[in-house]
Amino acid sequence: METALQFDALARFGHALSDPTRTQILLSLRAGPGYPSELADRIGVSRQILSNHLACLRGCGLVVAVPEGRRSRYELADPRIAAALEDLLGLVLAVDPACCPVSDTEGCC
């Protein structure tokens, strides 16, 4: 497995968090490992959609699959990811609606 450089790691983390479903998966896994069917039910997406997002998160190096017989359990690749997510959840952003006038209707950044 290739170790990502610091800049690459940040870009991968940002890409993962840019999608609400992937963000929900990461937030769910910060509490502990999970199985795809349970994660899909908890997040409210189909198993196929969840599978696609898990593949992306694995490709980014943020989650790993641990084989357990015929099933796989997913967990964060590094415990520091959970700590980083906790830190990000505690952020207070200084949002200036004048800089992004369509943020209320179309989203921003």
Just to verify a result, which residue in region 75-93, among those that are over 20 Å from L39 (Cα atoms) and in a loop (DSSP other than H, G, I, E, B), is least open to solvent (accessible area, probe 1.4 Å)? G90
Scanning region 54-74 for residues that are free of Cβ contacts under 8 Å to residues at least 40 places away in the same chain, of a type outside the set (A, V, I, L, M, F, W, C) and not in a helix (DSSP H, G or I) gives P67, E68, G69, R70, R71, S72
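What are the residues in region 28-53 that are among the aliphatic types (A, V, I, L, M), assigned to a helix (DSSP H, G or I) and open to solvent by less than 50 Å² (accessible area, probe 1.4 Å), if any?
Taking region 28-53 first, the residues among the aliphatic types (A, V, I, L, M) are 29, 31, 39-40, 43, 45, 49-50.
Remaining after also requiring assigned to a helix (DSSP H, G or I): 29, 39-40, 43, 49-50.
Those that are among the aliphatic types (A, V, I, L, M), assigned to a helix (DSSP H, G or I) and open to solvent by less than 50 Å² (accessible area, probe 1.4 Å): L29, L39, A40, I43, L50.
Residue-by-condition table, conditions (1) farther than 28 Å from Q6 by Cβ; (2) over 16 Å from the mean Cα position of the chain (by Cα):
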{"site": "G44", "(1), (2)": "yes, no"}
{"site": "V64", "(1), (2)": "no, no"}
{"site": "R73", "(1), (2)": "yes, no"}
{"site": "L76", "(1), (2)": "no, no"}
{"site": "P97", "(1), (2)": "yes, yes"}
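Out of region 94-104, which residues are open to solvent by 50 Å² or more (accessible area, probe 1.4 Å) and either in a loop (DSSP other than H, G, I, E, B) or among the aromatic types (F, W, Y) (or both)? If you could, list the steps in order and put the result at the bottom.
Taking region 94-104 as the starting set, the residues that turn out to be open to solvent by 50 Å² or more (accessible area, probe 1.4 Å) are 94-99, 101-102, 104.
A94, V95, D96, P101, V102 - these are the residues of region 94-104 that are open to solvent by 50 Å² or more (accessible area, probe 1.4 Å) and either in a loop (DSSP other than H, G, I, E, B) or among the aromatic types (F, W, Y) (or both).
The values are calculated or read from the model by the stated rules, or taken from the named source; none is laboratory data. Because the structure is a prediction, the values reported are computed rather than measured. Methodologically, a virtual Cβ is constructed for each residue, glycine included, from the backbone with ideal geometry; neighbour enumeration extends over all protein chains shown. Just so you know, the surface numbers come from the protein's heavy atoms only, side chains and all, with ligands and any DNA or RNA stripped out. Shrake-Rupley method; radii C 1.70, N 1.55, O 1.52, S 1.80 Å.
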